[in-house]
Amino acid sequence: QVQLVESGGGSVQPGGSLRLSCTAPSNIFRRYLMGWYRQAPGRQRELVAMFTSSGNTNYADSVKGRFTISSDSAKNTVSLQMNSLKPEDTAVYYCNAHAVGDLWGKGTLVTVSS
């Protein structure tokens, strides 16, 4: 069973910041496109940010300018820096590794509330 291990979730007030990290096995990190999705209560899972096959990044419109995805190949880690958080960012955030199929982490909860 491939493990994508997320960390960094928690509770924060509106306007605050959090940083999520996801560590993958090295063979997965090298061969798959890494990204982040989220699922809010009662809603479908949606893309937040990802790396594309051309090496660029793709963001959901709702997070552009606030969230930044990055990767550290030495640590096989992909991170999501989330700034200016809003209550509507509250969700379970999932690390994703995409190739022919998709691999998922177990998710980490982010709660934005005053």
Restricting region 52-67 to residues that are assigned to a loop (DSSP other than H, G, I, E, B) and over 27 Å from Q13 (Cβ atoms), the residue that is least open to solvent (accessible area, probe 1.4 Å): T52
Entirely in region 69-114, the strands (runs of 3 or more DSSP E) that have 1 or more residues that are under 18 Å from L33 (Cβ atoms) and among the hydroxyl-bearing types (S, T, Y): 77-82, 91-98
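Matching residues to (1) closer than 14 Å to L18 by Cβ; (2) surrounded by 18 or more Cβ atoms within 10 Å (Cβ to Cβ); (3) modelled with pLDDT of 95 or more; (4) aliphatic (A, V, I, L, M):
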| residue | (1), (2), (3), (4) |
| --- | --- |
| I69 | yes, yes, yes, yes |
| D72 | no, no, yes, no |
| L80 | yes, yes, yes, yes |
| S84 | yes, no, yes, no |
| Y94 | no, yes, yes, no |
| A99 | no, no, no, yes |
Region 101-114 - residue that is open to solvent by 70 Å² or more (accessible area, probe 1.4 Å) and closer than 15 Å to V78 by Cβ and, of those, modelled with the highest pLDDT: W104
Filtered residue count, region 38-51, keeping only those that are of a type outside the set (G, A, S), touching a residue at least 24 places away in the same chain (Cβ under 8 Å) and open to solvent by less than 50 Å² (accessible area, probe 1.4 Å): 4
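Do we have S17 as open to solvent by 50 Å² or more (accessible area, probe 1.4 Å), touching an Asp or Glu at 6+ places or on another chain (Cβ under 8 Å) and among the hydroxyl-bearing types (S, T, Y) here? Write out each step before concluding.
On the way: open to solvent by 50 Å² or more (accessible area, probe 1.4 Å): yes; touching an Asp or Glu at 6+ places or on another chain (Cβ under 8 Å): no; among the hydroxyl-bearing types (S, T, Y): yes.
Judged against the criteria, S17 is not a match.
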Which numbered condition L33 fails, given (1) open to solvent by 30 Å² or more (accessible area, probe 1.4 Å); (2) of a type in the set (A, V, I, L, M, F, W, C); (3) at pLDDT below 95: (3)
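The values are calculated or read from the model by the stated rules, or taken from the named source; none is laboratory data. Please read all numbers here as calculations on a predicted model, not as lab measurements. In this analysis, Cβ positions are derived from the backbone assuming ideal geometry, glycine residues included, and neighbour counts consider all displayed protein chains. We work out accessible area using only protein heavy atoms, side chains counted, and drop any ligands, DNA or RNA first. Shrake-Rupley method; radii C 1.70, N 1.55, O 1.52, S 1.80 Å.
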